[in-house]
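Read the figures in this text as sums done on the coordinates, not as results from a lab. Just so it is clear, the structure is predicted and the values come from calculations on it, not from any experiment. Heads up, the Cβs are rebuilt from the backbone with ideal geometry, glycines too, and the neighbour counts pull from every protein chain shown.
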Amino acid sequence: MASKGGGGNHDDGNKVFKTSSTSSLKIQRGDITMWSLNGTSDAIVNTANEKLLGGAAGPELREACYTVPEVRLGIRCPKGEARITPAFQLPVSHVIHTVGPFYDNENHPEVTLRNAYRNCIKLAKENNIDYIAFPAISCGTYCYPLEEAAAIAISTVMESDGDFKEVHFVLLEDDVFNAWLEKANGLL
């Protein structure tokens, strides 16, 4: 998405950035598992582990993750890659699962984090997704510094250059929301 004159507008408490004549980026507070726009061409991104096990979005989604083939023993989704499943009980059409880096455990975590966003975007485009919502991948327990993570997330999403009607960042914690908003205001 190419920037077309920065600055954000408020839209029902969300910060909205028009990024092209047909696309916008929205930064909002909230629980990503409750997010949806139309239930037919929307997807949320789930930060997962490499085994794609766990999660609390219902037994069907958990079972779908079990059916994703292993690429190595115990590994269904290597760090920086992404996999897609139906969303089942969630209010969107798909869940895109990705594994970000543990910040302190990798030589170049920025490469892995950027790849996680890029691979989510690629899968979404391949599956005709018009609306996608991202969390703050690798922040929280994976200890990625918020300012750097926000810069990588927003700049990588901007590479999609209008491929989506809307890209959302749905962020639960105030400090994460504020870091993304500050970075978006600086980049857009």
_Run the Debye formula on the Cα coordinates of segment 33-120, all scatterers equal and no solvent, and tell me log10 I(q)/I(0) at q = 0.23, 0.26 1/Å._
-1.11, -1.27
*asked:* Of all beta bridges DSSP finds with both residues in segment 69-169, what is the antiparallel percent, to the nearest 5?
replied: 60 percent
*asked:* Multiplying the sequence separation of D161 and N49 by 0.36 nm and subtracting their Cα-Cα distance, what value in nm do you get?
replied: 37.5 nm
_Quick check on my link table: of K15/K79; K79/K125; K18/K79; K18/K125; K15/K51, which ones sit more than 26 Å apart, alpha carbon to alpha carbon?_
K15/K79; K18/K79; K15/K51
*Taking R0 as 45 Å, what's the FRET efficiency between D174 and N128 from their Cβ-Cβ distance, rounded to 0.05?*
0.85
*Fully extended, how many nm does the chain gain between S21 and E70 (0.36 nm per residue separation, minus their Cα-Cα distance)?*
13.6 nm
*So what are the three principal axis dimensions of the chain from its Cα atoms, in whole Å, longest to shortest?*
47, 39, 27
